[in-house]
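No lab work stands behind these numbers, since they all come straight from the coordinates. Quick caveat, the model's predicted, so the values are computed rather than measured. Glycine gets a Cβ as well: all are built from the backbone with ideal geometry, and neighbour counts include every protein chain shown.
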Amino acid sequence: MDVRWHVWHPSRAYRAGSASSVGTAALDDAVRSLTAGWIIAHPTSTVYGIGGRPAPLIDARIARYKGRGSEPLIVLARDVETIAREFPDLEWTETATRLADAFWPGPLTLVLAGPGGRTQAVRVDGHPVVQSLLEGAGGVMTSTSLNATGAEPARSRAAAWHAMGGFEGPVHDVGWLDVGDLPPSAASTLVRPGDGTLEVLREGAIPGPELERVL
């Protein structure tokens, strides 16, 4: 697998040979770092993301680096069973189940209802690097697109490095799983599946007609 692990530092220029490790060793280093509380820039099936183990302090660091508010991050999971185990209070309607069965792993994010009127966005992403990372690090991580708030998400190696260079505040314990440039893609489609209803919150990689066909 063509993947490189970089320990990111704001004063270090990107060079192709600057990776700390490559291949399987890069994934092993990323798993150890994620488990230790690091924030990881990583590929997805659509854009580069940045995430960490689910924890309020880690989510707050990601929000500060990006200059965004405290809105909940997306949860990336290894599979549906992991979501059910880690978030047993989320409501799985028939609509949600049918969409997950049809499009996961893939670029579809489901916003599910939880206790107290709260919601949680979840996705089983199909990128093999994310799948390997989650398999080794507990099955779930919180994540958001790698970009400053309001900017385009990073889809290339150069854009990912540039986005990390724009982080706000002191930056520490950040690594990057570098797989080079990602294929052109829209962001994941974001939907809220209700009881027999479906609200499209963001058009994305899976077009509306495909969702309607499944339902």
Placing one identical point scatterer on every Cα of the stretch 50-167 and ignoring solvent, what is log10 I(q)/I(0) from the Debye formula at q = 0.10, 0.20 Å⁻¹?
-0.31, -1.20
If you add up the charges near ALA137, with Lys and Arg at +1 and Asp and Glu at -1, over every other residue whose beta carbon is less than 12 angstrom from its beta carbon, what do you get?
0
Treating the angle as unsigned and between 0 and 90°, give the value, to the nearest 10°, between the Cα long axis of helix 56-66 and the longest Cα principal axis of the chain.
70
Give the share of C-alpha pairs in each 5 angstrom bin for the stretch 1-109, from 0 to the last occupied bin, in whole percents, shortest bins first.
2, 9, 16, 20, 20, 16, 10, 4, 2, 1, 0
Summing -39500 (n - 2.57) over every DSSP H run of at least 4 in the chain, dividing by its residue total and rounding to the nearest 500, the 222 nm mean residue ellipticity is -9000 deg cm²/dmol
Counting sequence-distant residues (5 or more places) and residues on other chains, those with an amide H built under 5 Å from that of ALA121 are VAL75, LEU112
Net lengthening on full extension, THR35/GLU152 (0.36 nm per residue, minus Cα-Cα)
39.3 nm
Taking a label point 7 Å from the Cα of ARG98 along Cα-to-Cβ, the residues of the stretch 174-215 whose backbone nitrogen sits under 14 Å from it are 193-199, 209-215
With a 10 Å cut-off between alpha carbons and a GNM built on the chain, which of ARG32, ARG53, ARG123 moves the most?
ARG32
